[in-house]
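**Student:** This is the structure, below, for whatever I ask next.
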Amino acid sequence: MFAVPLDVDGAELRPLEPRHAEEFLANIDRGREFIGRYIALPDVIVDLESSRTYLRSYAEKAATDTGGIYGIWSGERLLGGVLFRTMDLKHGTAEAGCWLEPSAAGRGLVTRAVQQIIDWAVEKRGVHRVEWHASSANEASIAVARRLGMTRDGVLRESYVYRGERHDMEVWSVLAPEWRARRQSSGRQPS
């Protein structure tokens, strides 16, 4: 098991596995309204069984190199997480995402955690392009994409139906050479 310090109040990036289903459900419950403003995760994780099922689906993705999920932990408390919703190693692409309970927001945890998984994807798995999809209304998520040095590729107008409303989705991305150059200029070593 790995644990990567995120340099904020002792928080760490660690695996999020089916055995963590109770804490994952508790995390979603603590932030259900906050998290659910822009993403459907709280609509999917509604009880212990759905929590287990969701984490099992990501364990299967990890086993087949098609995705992965990682928790942002403070001790034994799950604060949120980051994930590769999709990963296509043949084509060198991945889509990253996140969620966070409100008590942990605004501390840079997501940015630091996503940096770690992008480092891993680029350096260890050979991913060339990492995408970030966010509702145009989700200013915090768009700010993460900017802090990561991503480029806004465009807006998919009214492409996402969520809770009966159509939302514009922004697509942001960073390419491996851009990622390495940015990391090098900042003096940050790969994970």
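**Student:** What's the number of the condition SER51 fails, among (1) open to solvent by less than 20 Å² (accessible area, probe 1.4 Å); (2) closer than 27 Å to ALA143 by Cα; (3) touching a helix residue (DSSP H, G or I) at 6+ places or on another chain (Cβ under 7 Å)?
**Tutor:** (2)
**Student:** Let me ask something additional. Taking the condition of being in contact (Cβ under 8 Å) with a residue 40 or more places away in the chain and either out of contact with any Phe, Trp or Tyr (no Cβ under 6 Å at 6 or more places or on another chain) or in a strand (DSSP E or B) (or both), how many residues in region 94-103 meet it? Give the derivation first.
**Tutor:** The initial filter retains those residues of region 94-103 that are in contact (Cβ under 8 Å) with a residue 40 or more places away in the chain, namely 97-103.
Those still in the list that are either out of contact with any Phe, Trp or Tyr (no Cβ under 6 Å at 6 or more places or on another chain) or in a strand (DSSP E or B) (or both) too: 97-101, 103.
Adding up the residues that qualify gives 6.
**Student:** Follow-up question, since we're still on this one. Enumerate the pairs (first residue in region 11-26 and closer than 10 Å to GLY71 by Cβ and open to solvent by less than 20 Å² (accessible area, probe 1.4 Å); second residue anywhere and modelled with pLDDT under 95 and assigned to a helix (DSSP H, G or I)) with beta-carbon separation below 6 Å, excluding pairs fewer than 6 apart on the same chain, so at least 6 apart or on different chains.
**Tutor:** Going by the 6 Å Cβ cut-off, there are no qualifying pairs.
**Student:** Inspect region 56-64 for any residue being touching a strand residue (DSSP E or B) at 6+ places or on another chain (Cβ under 7 Å) and of a type outside the set (Ser, Thr, Tyr) and give the result as yes or no.
**Tutor:** Yes; the residues of region 56-64 include at least one that is touching a strand residue (DSSP E or B) at 6+ places or on another chain (Cβ under 7 Å) and of a type outside the set (Ser, Thr, Tyr).
**Student:** Taking region 54-97 as the search range and keeping residues that are surrounded by fewer than 16 Cβ atoms within 10 Å (Cβ to Cβ) and of a type in the set (Lys, Arg), which one is farthest from SER141 (Cα to Cα)?
**Tutor:** The qualifying residue farthest from SER141 (Cα to Cα) is LYS90.
**Student:** Taking region 146-162 on its own, how many of its residues are within 27 Å of ASP43 (Cβ to Cβ), of a type in the set (Val, Ile, Thr) and at pLDDT 95 or above?
**Tutor:** So the answer is 1.
**Student:** Among the residues of region 127-142, write down those that are open to solvent by 30 Å² or more (accessible area, probe 1.4 Å), under 14 Å from GLU95 (Cα atoms) and assigned to a loop (DSSP other than H, G, I, E, B).
**Tutor:** Looking only at region 127-142, we keep the residues that are open to solvent by 30 Å² or more (accessible area, probe 1.4 Å), and these are 128-129, 131, 133, 136-137, 139-140.
Right, trim to under 14 Å from GLU95 (Cα atoms) and you get 128-129, 131, 133.
Matches in region 127-142: HIS128 only.
**Student:** While we're on this one: Could we say that HIS91 is in a loop (DSSP other than H, G, I, E, B), free of Cβ contacts under 8 Å to residues at least 60 places away in the same chain and not charged (D, E, K, R) here?
**Tutor:** Numbers: in a loop (DSSP other than H, G, I, E, B): yes; free of Cβ contacts under 8 Å to residues at least 60 places away in the same chain: yes; not charged (D, E, K, R): yes.
In short, yes.
**Student:** A further question follows. Scan region 149-188 for residues that are assigned to a helix (DSSP H, G or I), free of Cβ contacts under 8 Å to residues at least 12 places away in the same chain and surrounded by 12 or more Cβ atoms within 10 Å (Cβ to Cβ) and report the count.
**Tutor:** Taking region 149-188 and keeping what is assigned to a helix (DSSP H, G or I), we get 176-186.
If we keep only those that are free of Cβ contacts under 8 Å to residues at least 12 places away in the same chain too, we end up with 177, 181, 184-186.
Subset that is surrounded by 12 or more Cβ atoms within 10 Å (Cβ to Cβ): 181.
Here the count works out to 1.
The values are calculated or read from the model by the stated rules, or taken from the named source; none is laboratory data. Bear in mind that the values here come from a model prediction, so they are computed numbers and not experimental data. Neighbour counts run over all protein chains shown; Cβ positions are idealised from the backbone, glycine included. Keep in mind that these areas ignore ligands, DNA and RNA; they rest on the heavy atoms of the full protein, side chains included. Shrake-Rupley method; radii C 1.70, N 1.55, O 1.52, S 1.80 Å.
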